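Everything below concerns the one structure shown next.
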Amino acid sequence: MGDDRRSVKETYDRIADHFSKTREYPWPEIEGFVSDVDDVGVGLDLGCGNGRHLSVLAGVADRVVGVDASRPLLDEARERTASDPDVALVQGDAASIPLAASTVDVAVYIATLHHLPERKMRRRSLDELARVLSPGGRALVSAWSTEHDRFDATEGFDTTVDWTLPGGEVVPRFYHIYSPAEFEADLDASGLAVESVRVSSGNCYAEVTVD
């Protein structure tokens, strides 16, 4: 893992406890996506954080795997899913997913792509998602967009967004803010087949599959 990715990991290790307390409920976009999925074998939450979307996937998949780079966030996810024996948690890198090819039937990759600090890493992670999806498998991918009200930009850019801990310590977090056109371009350059793309609540979303 390169220094930039290590820095992102260390940031979330540092803020994991407080961050988890502010991330209690699933996003409605994920619930809507999963509601269209019939019962499947394996679900993946790539960049699962504190695990708030794992139970949503567990409602449609026989087994669910949560992957995240941050061990403290995985510890939070483990507490949330302690009563569900069909959820497995794995520490891993979104640009090198620790799963075999063609093993995942449904996946969510939410609010994580934009934390990878180089475009080649972001594209590699999309290729990795394509690699692990089974033929006909589907995924929902999201990233923060320039369409969000807090940004005044039409092209994608790198920035940091501060996280303030309860004691007042400020921890900067890396983000790449995607323009919708750039988001589509990175998806089109990957091994994923794009079914639909939209902007909702200031985020770019894509429903994708593989042939």
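Looking only at the stretch 43-64, filter to residues that are among the aliphatic types (A, V, I, L, M) and surrounded by fewer than 20 Cβ atoms within 10 Å (Cβ to Cβ); which one of those is farthest from the chain's Cα centre (by Cα)? It comes out as Val60. Filtered by the rule that a residue be part of a loop (DSSP other than H, G, I, E, B), of a type outside the set (Gly, Ala, Ser) and within 18 Å of Gly191 (Cβ to Cβ), the stretch 86-97 gives a lone residue, Ile97. There is no residue in the stretch 128-148 that is out of contact with any Asp or Glu (no Cβ under 7 Å at 6 or more places or on another chain), farther than 15 Å from His114 by Cβ and free of Cβ contacts under 8 Å to residues at least 24 places away in the same chain.
Looking across the stretch 162-175, the residues that are more than 15 Å from Ile110 (Cβ to Cβ) and out of contact with any Pro (no Cβ under 7 Å at 6 or more places or on another chain) come down to Trp163, Thr164, Leu165, Pro166, Gly167, Gly168, Glu169, Val170, Val171, Pro172, Arg173. Please determine whether any residue of the stretch 9-26 is out of contact with any Phe, Trp or Tyr (no Cβ under 6 Å at 6 or more places or on another chain) and under 19 Å from Thr209 (Cβ atoms). No, every residue in the stretch 9-26 fails to be out of contact with any Phe, Trp or Tyr (no Cβ under 6 Å at 6 or more places or on another chain) and under 19 Å from Thr209 (Cβ atoms).
Close Cβ contacts (under 6 Å, 6 or more residues apart or on different chains) running from residues in the stretch 52-68 that are touching a residue at least 24 places away in the same chain (Cβ under 8 Å) to residues that are of a type in the set (Ser, Thr, Tyr) comprise Leu54/Thr81.
For the stretch 104-156, taking the residues that are within 24 Å of Pro26 (Cα to Cα) and polar (S, T, N, Q), the one that is surrounded by the fewest Cβ atoms within 10 Å (Cβ to Cβ) is identified as Thr146.
Only residues that are loosely packed, with under 13 Cβ neighbours inside 10 Å, touching a helix residue (DSSP H, G or I) at 6+ places or on another chain (Cβ under 7 Å) and not aliphatic (A, V, I, L, M) were counted in the stretch 157-211, giving 1. When residues in the stretch 99-117 are screened for being more than 11 Å from the chain's Cα centre (by Cα), at pLDDT 95 or above and not in a strand (DSSP E or B), 5 of them pass. Of all residues in the stretch 158-211, exactly one satisfies the criterion of being free of Cβ contacts under 8 Å to residues at least 12 places away in the same chain, touching a strand residue (DSSP E or B) at 6+ places or on another chain (Cβ under 6 Å) and either among the basic types (Lys, Arg) or assigned to a helix (DSSP H, G or I) (or both), namely Arg198. Consider Ser83 carefully, then state whether it is over 19 Å from Arg173 (Cα atoms) and without any contact (Cβ under 8 Å) to a residue 24 or more places away in the chain. Yes.
The values are calculated or read from the model by the stated rules, or taken from the named source; none is laboratory data. Keep in mind the model is a prediction, meaning the values are calculated, not measured. Neighbour counts run over all protein chains shown; Cβ positions are idealised from the backbone, glycine included.
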